[in-house]
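J.: Dumping the structure here so I can ask a few things about it.
Every number in this text was worked out from the coordinates using simple rules, so none of it is lab data. None of the values given here were measured: they were computed from a predicted structure. Positions of Cβ are generated from backbone atoms using ideal geometry, with glycine treated the same way; all protein chains shown enter the neighbour counts.
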Amino acid sequence: MKVPIALTVNGRRREDAVEPRLLLVHYLRDVLGLTGTKVGCDTSQCGACTILLDGLSVKSCTLLAVQADGAQLTTIEGLQRNGRLHPVQEAFWELHALQCGYCTPGMILQAVQLLQERPNPTEAEIRHGLEGNLCRCTGYHNIVRAVQRAAAAGR
């Protein structure tokens, strides 16, 4: 049995019929082909699957696609506008705030929400705001610097 859903993903209206047990992360990756959203732990521990749902960061491995019915979703692929990187994406690129890149999409989307809530965060607020998004490569120093640069660019 499949259930109809209708949602907007990266500004594009989508209507599909999905199995009620399909995780949102698998809908994005396997149905829509948006592979920037990563499957990391399947337990909401790592944050690699983080997306924005109605402007709030959520871990898409813990939501069913049917729970997103009617929502507006933004994935890493939907951040750039008119061929220009989002300021957070640009800062991550400029400051080498990644190594393997696996956590990067979720980290960037978490940072986008953080900066929407706190346009001028302190280092401690950035570190706290990124909790729940794990990076096993960088040690977070350049990630924090990138969020600081994006915040400065937004002022």
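J.: Which percentage, to the nearest 5, of the DSSP beta bridges contained in the chain is antiparallel?
T.: Details: 15 of 17 bridges.
That works out to approximately 90 percent antiparallel.
J.: What is the magnitude of the charge dipole of segment 7-77 about its Cα centre, with +1 placed on the Cβ of each Lys and Arg, -1 on the Cβ of each Asp and Glu, and no other charges, expressed in debye to the nearest 20? Spell out each step's value before the answer.
T.: Values: 7 positive and 8 negative charges, 29 e Å.
The dipole magnitude comes to about 140 debye.
J.: Another question, then. For segment 87-154, what are the per-bin percents of Cα-Cα distances with bins 10 Å wide, up to the bin holding the maximum?
T.: It works out to 24, 63, 13, in whole percents.
J.: Same structure again: Find the relative contact order for segment 1-76 and round it to a whole percent, using C-alpha pairs within less than 8 Å whose residues are 6+ positions apart.
T.: Values: 151 pairs, mean separation 29.0, N = 76.
In percent, rounded to a whole number, it is 38.
J.: Quick one: 3J(HN,Hα) in Hz for segment 4-11, Karplus 6.51/-1.76/1.60 with θ = phi - 60°, rounded, Gly and Pro as x.
T.: x, 10, 9, 8, 10, 10, 6, x
J.: Taking R0 as 22 Å, what's the FRET efficiency between Asp54 and Glu123 from their Cβ-Cβ distance, rounded to 0.05? The partial results should precede the final answer.
T.: Details: r = 28 Å, r/R0 = 1.29.
With a Förster radius of 22 Å, E is 0.20.
J.: Here is a further query. Could you give P(r) for the chain, binned at 10 Å from zero, as whole percent values over all Cα-Cα pairs?
T.: 12, 42, 32, 12, 2
J.: How far is the Cα center of segment 33-61 from the Cα center of segment 95-109, in Å?
T.: 13 Å
J.: Mind giving me the nanometre distance, one decimal, between the label points for Val31 and Glu90, set 7 Å out from Cα along Cα→Cβ?
T.: 3.5 nm
J.: Moving on to the next point. May I ask for the equivalent-ellipsoid semi-axes of segment 3-78, computed as the square root of five times each C-alpha gyration tensor eigenvalue and listed largest first in whole Å? Mind dumping the intermediate values first?
T.: Working: eigenvalues 58, 38, 23 Å².
Semi-axes from the Cα gyration tensor: 17, 14, 11 Å.
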